[in-house]
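Here's the structure, in structure tokens; my notes come after.
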Amino acid sequence: MKTLKFDTIVAGVGSVGAAACYHLARRGARVLGVEQFNIPHVRGSHHGHSRMIRQAYYEHPDYVPLLRRSYELWEELQSGSALSPFFHLTGGLYIGSDDGTIVAGSRLAAEQHGLEYEMLDAGEVKNRFPAFAPDCNHTGFYETKAGFLVPERAISAHAEAATNLGATLVTGETVEGWTAHQDHVEVRTSLATYQADQLVIASGAWTGEVAAELGIELKVTRQVLAWFEPLGDRARFAPENLPCWFIETEPPYGHYGFPVMPGDFGLKVALHRPGSPIELAHLSAEDHQPRQDEIDGLRTVLERYLPGCAGDLIHTCTCRYTNSPDGHFIIGKHPRHDRISIACGLSGHGFKFSSVIGEILADLALFGRSALAVEFLSPARFQ
Ligand SMILES: Cc1cc2nc3c(=O)[nH]c(=O)nc-3n(C[C@H](O)[C@H](O)[C@H](O)COP(=O)(O)OP(=O)(O)OC[C@H]3O[C@@H](n4cnc5c(N)ncnc54)[C@H](O)[C@@H]3O)c2cc1C
């Protein structure tokens, strides 16, 4: 049988892979995207209806230039897409101690990059956003240019735009192995063998299998999400009254949630900290349902910090983080194979960046470099 040849193959068409397919196709490359499930699906890291996007990045100020570009790309994708809106600016309120990771870190990033923000004491938080009941020693950091993305729609928009530009996206096909030769890469899947000049690995939680030889320890963890019916008037929790929020309940980690949008399940809440580990062998299993004590923990936090908001439990699910050893992304050329580019270990905060990471991967694959400063995220830092 004849082996099909492409300029670039993308292993995994999820958050980052769909964006990479789009940016590669936009640059005129012949692209094959290979996805083991559907596009999108509920077994990886991208389901659950909302992902927060914010610019005053407490994790590290060096992410801010990437975020500026990612906002531009999301706006552009949204305006060219016939799908329902998936990029919503609602404002973002981060609450914690004045010198804690979240408030002090957000302030540092905002100061370094000239971002607009407001500091609010606990009383000012209550006056401005009456749904919240912060501790009296809490400080609020508010940024207007924050909000959320609807990940399923954003991925569909990238995939649709890629296909319109000529990319071939296949589903229900698993990348089982690859070999980098001097003049091409061979990619073996559950259905075929392909050749390409370049391979982009965007396999999320499965990167430990797809790029095992990378030798970087990626810990996949199970994260619990819950949606509660808001008590009283739903309008209290609409974006006009409730921004996206993050409260430093377990320093340096915390709970976060979203306003209620028309047609939404309800008030969504989750804990941002690596959850319980999942073995690679069990990754594709679908049974990772939340336990009652996990749901009770989420309800307790809502009752404490947004009193009177948590009515009946409407929906729950789990999702996966793929945690890098230092909590920062891993993006760059494979340290030993120039024909392979990779983005992984997005450590529970990568969706907002997926548009710009797709662009970076396309530039790395086609031109060997990105105009954006991503050296601080290079896989070489773990070698
Ligand atoms: C509960 C939760 C909340 C989050 N909240 C936020 C947030 O508020 N803001 C934010 O920015 N980020 C957030 N994140 C993180 C963000 O969603 C992830 O960082 C991002 O989705 C990871 O993208 P990815 O492309 O690496 O993985 P995925 O989107 O999972 O894509 C990887 C794809 O590769 C496919 N694949 C894997 N192996 C193979 C193979 N061998 N062959 C073919 N296909 C393969 C998978 O099926 C999958 O579709 C959250 C994550 C979770 C779980």
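The values are calculated or read from the model by the stated rules, or taken from the named source; none is laboratory data. The model shown is predicted, which means the values in this text are computed figures rather than measured ones. Cβ: placed from backbone, ideal geometry, glycine included. Neighbour counts: every protein chain shown.
Note on the stretch 182-199: residues that are closer than 12 Å to T3 by Cβ and of a type in the set (G, A, S) total 2.
May I ask you to verify whether L298 is under 30 Å from Y94 (Cα atoms), in the same structural domain as V260 (by TED's automatic domain parsing), within 13 Å of the ligand (Cβ to nearest atom) and aliphatic (A, V, I, L, M)? It would help to see each step written out before you state the result.
On the way: under 30 Å from Y94 (Cα atoms): yes; in the same structural domain as V260 (by TED's automatic domain parsing): yes; within 13 Å of the ligand (Cβ to nearest atom): yes; aliphatic (A, V, I, L, M): yes.
When the stated conditions are applied, L298 passes them.
Restricting attention to the stretch 168-226, which residues are part of a strand (DSSP E or B), over 23 Å from the mean Cα position of the chain (by Cα) and within 11 Å of the ligand (Cβ to nearest atom)?
Pass one, the stretch 168-226, residues part of a strand (DSSP E or B): 168-170, 175-180, 185-189, 193-201, 219-226.
Now narrow it down to the ones that are over 23 Å from the mean Cα position of the chain (by Cα): 168, 176-180, 185-189, 193-198.
Once the filter is applied, which keeps residues that are part of a strand (DSSP E or B), over 23 Å from the mean Cα position of the chain (by Cα) and within 11 Å of the ligand (Cβ to nearest atom), the stretch 168-226 yields E176, G177, W178, V187, R188, T189.
Counting only strands (runs of 3 or more DSSP E) that fall entirely inside the stretch 1-95 and contain at least 3 residues that are outside the structural domain of S284 (by TED's automatic domain parsing) and over 14 Å from the mean Cα position of the chain (by Cα), the qualifying elements are 4-11, 31-34.
Quick check, is H60 out of contact with any Leu (no Cβ under 6 Å at 6 or more places or on another chain), surrounded by fewer than 22 Cβ atoms within 10 Å (Cβ to Cβ) and over 25 Å from Y22 (Cα atoms)? Talk me through it step by step, then tell me what you get.
On the way: out of contact with any Leu (no Cβ under 6 Å at 6 or more places or on another chain): yes; surrounded by fewer than 22 Cβ atoms within 10 Å (Cβ to Cβ): yes; over 25 Å from Y22 (Cα atoms): yes.
When the stated conditions are applied, H60 passes them.
When the stretch 250-269 is filtered for residues that are surrounded by 18 or more Cβ atoms within 10 Å (Cβ to Cβ), within 22 Å of N323 (Cβ to Cβ) and without any contact (Cβ under 8 Å) to a residue 60 or more places away in the chain, the ones remaining, listed by number, are H255, G257, V269.
Among the residues of the stretch 239-254, are any in a loop (DSSP other than H, G, I, E, B) and over 23 Å from the mean Cα position of the chain (by Cα)? Outline the logic, then answer.
Taking the stretch 239-254 as the starting set, the residues that turn out to be in a loop (DSSP other than H, G, I, E, B) are 239-243, 251-252.
Going one step further and asking which of them are over 23 Å from the mean Cα position of the chain (by Cα), we end up with 240-241.
For the stretch 239-254, residues in a loop (DSSP other than H, G, I, E, B) and over 23 Å from the mean Cα position of the chain (by Cα): present.
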